[in-house]
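J.: First the structure, then my questions, so here it is.
The values are calculated or read from the model by the stated rules, or taken from the named source; none is laboratory data. These numbers come from a predicted model, not from an experiment. For neighbour counting, all protein chains shown are included, and Cβ atoms are generated from backbone atoms with ideal geometry for every residue, glycine included. Please note that ligands, DNA and RNA were not included when accessible areas were found on the heavy atoms of the full protein model with its side chains. Shrake-Rupley method; radii C 1.70, N 1.55, O 1.52, S 1.80 Å.
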Amino acid sequence: MHKGIGCVGGLLIAAAVFCSGQAMAADKIGVVDMRKVLSTSATGQKVQDAIEKKQRALQAELKKDEDALVALQKEGEKKNATWSEAVKKEKAAEFQKKLRDFNVKREKAGAELNKLRDEQLKPLHAKVMEAARKVAKDEDYDFILPREALIVAPDSSDISDLVVSEVNKMK
């Protein structure tokens, strides 16, 4: 029984060595750092600027509503002792309604920002894929992998700058 396991194990090791030797000799692999491409390409910078501009605008709008809520809360804290029970209930209900409205508005702003991000990144992603294919063809790469999917990759396999250059050439 032990001989059978030993033979099978030896065959598996031999097969792995043989197959890995063939794969290493034949394949040229490039690695692309997608974050680098998105942040350093001209198109990627435009997309980031548009997203950041929209984010600042939404944050400014939400800040006004947040400041109004804080002011309402402070007013309640100051005047709570002088208000009747009916006024306290009314002010508490008003605050809760404004807080719910604020949370709904904040969620809508987040959804709007995500939608913009998706709309902006989709065509850029297509350009990056097209550029990577061109680099693969021009430079005879068999495989191009995203750096984010790898644990270890030699710096010499990084072709991000070539991909950025190709993206920048595209209209």
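J.: Beyond a 32 Å Cα-Cα separation, which of these cross-linked pairs lie in this structure: 63/122; 63/91; 28/122; 36/108; 97/122?
T.: In this structure, 97/122 exceed 32 Å between Cα atoms.
J.: Ignoring ligands, DNA and RNA, how do 37, 104 rank by accessible area with a 1.4 Å probe, largest first?
T.: I get 104, 37, largest accessible area first.
J.: Mind checking the range 60-135 for chymotrypsin sites (Phe, Trp or Tyr not before Pro) that DSSP puts in a loop (not H, G, I, E or B) and that have at most 16 other Cβ atoms within 10 Å?
T.: 83
J.: Calculate one ³J(HN,Hα) per residue across the range 142-156 by plugging θ = phi - 60° into the Karplus curve 6.51 cos²θ - 1.76 cosθ + 1.60, and present them in order as whole Hz with x for glycine and proline.
T.: Whole-Hz 3J(HN,Hα) from phi for the range 142-156: 7, 9, 10, 10, x, 4, 4, 8, 10, 8, 9, 7, x, 4, 5.
J.: Grab the Cα-Cα distance for residue 45 and residue 139, subtract it from 0.36 nm times how many residues apart they are, and report the gain in nm with one decimal.
T.: Full extension of this stretch gives 31.2 nm more.
J.: Over 17 Å apart: what share of the alpha carbon pairs of the range 43-156 falls there, rounded to a whole percent?
T.: Of all Cα-Cα distances in the range 43-156, 72 percent exceed 17 Å.
J.: I would also like to ask the following. Please list 3J(HN,Hα) in residue order for the range 114-123, calculated via the Karplus relation 6.51 cos²θ - 1.76 cosθ + 1.60 where θ = phi - 60°; whole Hz, with x for glycine and proline.
T.: Per-residue couplings from phi come out as 5, 5, 4, 4, 4, 4, 6, 7, 4, x Hz.
J.: Now, a different point. Work out how much length residue 52 to residue 92 would gain on full extension: take 0.36 nm times their residue separation and subtract the Cα-Cα distance, in nm to one decimal.
T.: Net length gain for the segment: 10.8 nm.
J.: In sequence order, what are the phi-derived ³J(HN,Hα) couplings for the range 30-44 according to the Karplus relation 6.51 cos²θ - 1.76 cosθ + 1.60 with θ = phi - 60°, rounded to whole Hz, with x for glycine and proline?
T.: The phi angles translate into x, 10, 10, 8, 4, 4, 5, 4, 5, 8, 10, 6, 4, 5, x Hz.
J.: Under a 5 Å amide H to amide H cut-off, with H placed in plane at 1.01 Å, what residues pair with residue 145 once short-range neighbours are removed?
T.: Hits under the 5 Å cutoff: 30, 31, 32.
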